[in-house]
Amino acid sequence: MKNKSISSKVDPAQRPRKRKDAEFKPFWQSDEPKQSPVKAKSEKARPSAPQAPAKGKPAVPASDAAPAARSAASTERVPKRDASQRPAKNGPKPTRPERTARPAAPADAGRETTFKKAATPHTATPQGEARQQGSKAPARSSAPEQKQGRPKRNDSPSHFIEPAPQHGLHKPRHPHGAEQLGKLHSGKIIEVSIASTSNDGFGVAQYEGSRVLVAGGIPGEQLLVKITYVGRRESFGNIMRCVKSSPERETAPACQMGKCCDSCGLMQLRYPAQLSWKKDLVTRELRAYQSLAEVKIHDTIGSPKELNYRNSAKLVVAGKHSDPVIGIYRRNTHDVLEIADCPLHHPLINKVVKVVKAGIKKGKVPIYNPKSEMGLLRYLVVRVAEPSDKVMVVFVTSEQGYNEMHHLAKHVQQAIPEVVVVAQNINNSTGNVIFGQKERFITKAQTLYAKLGNKTFSLSPHSFFQVNSGAAQIIYEKVREFAKLTGTERVLDVYCGIGGISLFLADKADEVVGIEFVDSAVADAMQNAALNGIDNCDFEAGDAAKIIEEIGHEGGAHLIVLNPPRKGCEEKVLKSVAGIKPQRIIYVSCSPETLARDLDILSRLGYRTLEVQPVDMFPQTVHVEDVALLERI
């Protein structure tokens, strides 16, 4: 079989002439020893670039360039290219031009792989012109004979210069594209004008076509802002300086952690401005639906306490026992932000946090690490019963750890006499759910007793109770006002929790039925009814939609109260409610967005929303509670 050499494809006129004085042998059959690529002393150094011919000697024609190079290579050794001219291993590789055919290597080439070129000036040929136009390979020298279309290599190994044939200019390629130059980036300081606020309380500004959300920004302000995050659709920034301040800005905020803690999105506003902002929020959400365009929206009722109103807190424990961190997760992260003296917490909660930190250090209590799934203490839950100011502390751990929790509980009780209930909840799951299924009490007392108005409530570690007792009483009284009971009505309290609304309506109703999915909450509600001597309340645990349909077969109800979690009601629950045709519906919501959605659904099921009363359950934050009244059309 014939050997198909590359030389067979070369134009016969360009084939090298055969040597007559020696028979060709491949390098592995050569009798001569292998030579080092290092040039011998007797050898002449090859010039680094094509040189002009000496005076009196004619230049070698282009057609004879290859044979001349081959003849010279038989007696000279060509050194390797200088290291500065080699492409970087990890840098961008220039595009190779198409190779033209080369003559076979001579027998004495050894293992030398460097291509040899004739030491003569380059003369343009059709192949050479094509090579110059398409090549991006680096030039070997700065000789004047080099064509303009062959760019030089840049000093940086990670960038190269592309030819610009239209203008004869070279432009460096930017790693992110030219369109990114001069735009927003993290750390950049810009000046913006706040036009509005988002539903999360961020000031909204426009900068070079980008939407910038500024923590603490108020409409009408001119701010110097430092960009902290740049996203595809919007960027975030913190205030560096107020160039022009709003008259609604609070001159002395109660907390200085606004730049790192985004829980209090409205603390920069004076309290009357906060109430106005929350009414506007509710209005925007409701007016987004045509069916709610005519609903009357009242001014927001303020909280009796603007600060220190939270009677409960669920906090994350992180770090090491030598330096524990107790606080909350930063938004959309698992980084724990330490909270030492939160102005929203009841003072006793802040006191417990400090004492627990000291107890962890003293007892060297292992802290749980969610990455390694090692450690003991995971969460700290604190609840204060008002007006007695008695405290319940719950340690959530990954395992029993009896000795560590016993000594920590003793340390807390000795430092804070108001702590009367200490419990340990064991949660060995790997998720973010706080409470586990197993629980034990370290103290003899197992419950707290709180009061709202003239009603008393028994609180266990799992009991849901409104975090702002003063605002909760306002909401319950507003529900009773909207209900307009005469003493003959049957009332359904859906999502009743521990029975707060049910007990407030029982005095004016003939019968109240509370419905709740959580069994422990139903048990607490029944205990609270007995505690207050109320015998016309009944509580059932199970699926709300099914229980409502069953009650509909038993005669229905005159009034239904809905008090769902933040996600709102399931549509099947709303259809079940409308199916038994109560004359009135009262909807208590902590989310204006889901409230508007569900009111629109009820409008298509035969109910018209008459009025909505916002109540500020959570001062300094963007959250607002609403009580809506609906009647059957």
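The values are calculated or read from the model by the stated rules, or taken from the named source; none is laboratory data. None of these values were measured; they are calculated from a predicted model. Counting neighbours? That spans all protein chains shown, and the Cβs are built from the backbone with ideal geometry, glycine included.
Structural remarks
- Verdict on residue 548 being closer than 14 Å to residue 512 by Cα, surrounded by fewer than 19 Cβ atoms within 10 Å (Cβ to Cβ) and in the same structural domain as residue 498 (by TED's automatic domain parsing): no
- Meets criteria (polar (S, T, N, Q), more than 36 Å from the chain's Cα centre (by Cα) and crowded, with 22+ Cβ neighbours inside 10 Å) for residue 502: yes
- Which listed residue is over 38 Å from the mean Cα position of the chain (by Cα) and closer than 15 Å to residue 367 by Cα, from 403, 428: 403
- Among the residues of segment 313-323, the ones that are buried (at least 20 other Cβ atoms within 10 Å of the Cβ) and out of contact with any Pro (no Cβ under 8 Å at 6 or more places or on another chain) come to 3 in all.
- Scanning segment 283-312 for residues that are in contact with a Pro (Cβ under 6 Å, 6 or more places away or on another chain) and over 30 Å from residue 337 (Cα atoms) yields a total of 2.
- The residues listed here are 564, 619; of these, the one that is touching a Ser or Thr at 6+ places or on another chain (Cβ under 6 Å) and of a type outside the set (Asp, Glu) is 619.
- Across segment 197-209, the number of residues qualifying as surrounded by 13 or more Cβ atoms within 10 Å (Cβ to Cβ) and either assigned to a strand (DSSP E or B) or modelled with pLDDT of 95 or more (or both) comes to 5.
- Here 523, 530 are screened, and the one residue that is in the same structural domain as residue 487 (by TED's automatic domain parsing), crowded, with 16+ Cβ neighbours inside 10 Å and either small (Gly, Ala, Ser) or touching a His at 6+ places or on another chain (Cβ under 8 Å) (or both) is 523.
- Residue in segment 329-345 that is on the phi > 0 side of the Ramachandran plot, without any contact (Cβ under 8 Å) to a residue 24 or more places away in the chain and within 30 Å of the chain's Cα centre (by Cα) present: yes
- Residue count, segment 409-457 (criterion: within 20 Å of residue 525 (Cα to Cα) and in contact (Cβ under 8 Å) with a residue 60 or more places away in the chain): 7
- Selection of segment 291-321 for residues being free of Cβ contacts under 8 Å to residues at least 40 places away in the same chain and among the small types (Gly, Ala, Ser) yields only 293.
- As for segment 294-306, it holds no residue that is closer than 19 Å to residue 435 by Cα and surrounded by 14 or more Cβ atoms within 10 Å (Cβ to Cβ).
- The criterion of at least 1 residues that are of a type in the set (Asp, Glu) is met by the following helices (runs of 4 or more DSSP H) wholly inside segment 453-572: 469-483, 519-531, 544-553.
- Test: residue in segment 275-287 that is of a type in the set (Gly, Ala, Ser) and at pLDDT 95 or above: yes
- Number of the condition not met by residue 381 [criteria: (1) surrounded by 16 or more Cβ atoms within 10 Å (Cβ to Cβ); (2) more than 28 Å from residue 267 (Cα to Cα)]: (2)
- Just one residue in the set 280, 262 is buried (at least 17 other Cβ atoms within 10 Å of the Cβ) and either within 16 Å of residue 615 (Cα to Cα) or not assigned by TED's automatic domain parsing to the domain that holds residue 345 (or both); that residue is 262.
- Inter-residue pairs, beta-carbon under 7 Å, first among the acidic types (Asp, Glu) and in segment 254-272, second modelled with pLDDT under 80, 6+ apart: 262/331
- Test: residue in segment 325-344 that is surrounded by fewer than 22 Cβ atoms within 10 Å (Cβ to Cβ), modelled with pLDDT under 95 and more than 30 Å from residue 198 (Cβ to Cβ): no
- Residues of segment 352-381 that turn out to be part of a loop (DSSP other than H, G, I, E, B) and within 14 Å of residue 315 (Cβ to Cβ), as a count: 1
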